[in-house]
Amino acid sequence: MRLVFMGTSEFAVPSLRNLILSGFDIPLVVTQPDRPAKRGRKLTPPPVKVLAEEYGIPLIQPESIRTPDFAGEIERREPKVIVVVAYGKILPENILGIPPLGCINVHGSLLPAYRGAAPVQRALMAGEKMVGVTTMYMDKTMDTGDIILQRAIDLTGDEDYGETIHRLSGIGADLLLETLEQVEWGINPRIPQDHSRATYAPPLTAEDELIKWEMKSRNIRDQIRGLSPEPGAYTWLNGDKLKIFKAQVVETETAGLPGEVVRLMPDEGFVVKAGQGALLVLEVQRAGRKRISAAEFLRGSRLREGDRLGG
C-alpha cells in the first residue's frame, strides 16, 4: 500500500519504523520544522525526521499545510492513505479528501475520552486506571472521526508519563499495522463516536505544572507522574524553582500545614504535608542542575523540617 506519513514526536517513531520494516511504499514523510531545543536553543530535528533520513525517505517540513503547494506535494505522491501520528496540526479538508482510502490517525487515548493535544498526560494527572490507543478516520474537527480499532492497558498507578507514552507508542505502532491491513481489504470496522461521552485533553500550560500543596496527596502524586519526565511538576523553595519527578503517597496522617516539610528521611527523601495526607518526595531537580534523588538533594541542601514549599 502506498501512503504518506505525517508525524513529529517520539510517539510517532515506532509507527513509522513499523511501516518501513513492513514494506509499505512511503514516497513522502511530512514533519514539523526543526525547533530550538529547551537547553541552548539549538535547532533540533523532530524524531520522525531523524528516522526518515536514516532510511532515505523523502521528507518535507512545511511551516503551513494550508497552502496549494503543500496540497500539490501530497497529490503528486498519489497515496492510497495518509497516516497521521502525533503530527501536531489539524489537517484541512482539502488534504483529507486526497487519499481514496482516507486519512487515518493513531491517537493516544480511548476515544471519545481525552480528545486533544495531551491525552496521556491528562489521563495520568486525572488518576485514570486504564489508558489506550485508538486508530480512527480523520475528519475536519479534532479527534472526532469514526473509530477503527482500540487497544487498552491497565495501569498500576506508579507509571509516569515517560513510561506510559513509550508503552503506548509501541502498542499504537502494532495497532496501525492491523488497521491498515483491514482498511486495505475493506473489512475494518467504522464506529461513530458517542460525542456525549467526550472528554478533552488541552495542551499543558505553566499553571498545570505548578504544584498546589492544598490538594490531596494522591492528586499531587498523579500530577507529578503525569508530567514526568517532561515538562516536570514544580514548586518553590526559598524563591527557587524545584521540580519534583517522583513521589509516593504517605498513608498515615501527618500534622502540619500544606507545603510544610514535616520529616526528613536521609536515605529516601523528605515528606511534605498536602491538603489531605502527605507525600514522600523521591526525585527532584533544582534550576540549572541535573535530576537527582531526593536523598542526594538532602545531602547538598539546607532543607529542614518546618520549611515550606510553595509560592
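Structural remarks
- Cβ crowding within 10 Å ranks K246, K80, K89, K140 as K140, K89, K80, K246, fewest other Cβ atoms first.
- The distance between label points at T199 and R167 comes to 1.8 nm (points 7 Å beyond Cα on the Cα→Cβ vector).
- Applying 0.36 nm per residue to the separation of E251 and E209 and subtracting their alpha-carbon distance, the gain on full extension is 12.7 nm.
- Ranked list, fewest to most other Cβ atoms within 10 Å of each Cβ, for R76, R225, R167: R76, R167, R225
- Listed by chain and number, the aspartates and glutamates whose alpha-carbon sits under 13 Å from that of K216, ignoring those within fewer than 8 places in the same chain, are E251, E253.
- Each Cα pair under 8 Å and six or more residues apart adds its separation to the average, and for the chain the resulting relative contact order is 13 percent.
- On the beta carbon distance between A295 and L177, with R0 = 45 Å, the FRET formula returns roughly 0.55.
- ³J(HN,Hα) computed for each position of the stretch 232-237 - Karplus, 6.51 cos²θ - 1.76 cosθ + 1.60, integer Hz, glycine/proline x: x, 7, 9, 9, 10, 9
- In plain terms, the residue of M136, M125 with the fewest other Cβ atoms within 10 Å comes first and the most crowded comes last, giving M125, M136.
- Here's how it looks for I153: its modeled amide H is under 5 Å from those of V131, G132, which are all 5 or more places away or on a different chain.
- Alpha-carbon centroids, the stretch 136-175 and the stretch 261-292: separation in whole Å: 31
- Per-residue 3J(HN,Hα) values for the stretch 208-224, derived from phi via the Karplus relation 6.51 cos²θ - 1.76 cosθ + 1.60 with θ = phi - 60°, read 5, 7, 7, 6, 9, 5, 6, 6, 5, 4, 5, 5, 5, 4, 5, 4, 4 Hz in sequence order (x marks Gly and Pro).
- Mean Cβ count within 10 Å, highest first, over the residues of peptides 109-121, 280-292: 109-121, 280-292
- Count, lysine Cα pairs under 28 Å in the stretch 2-197, 8 or more residues apart or across chains: 9
The numbers here are math on the coordinates, done by the rules we state, and not lab data. Just so we're clear, the structure is a prediction, and the values are computed from it rather than from any experiment. Cβ atoms come from the backbone with ideal geometry, glycine included; neighbour counts cover every protein chain shown.
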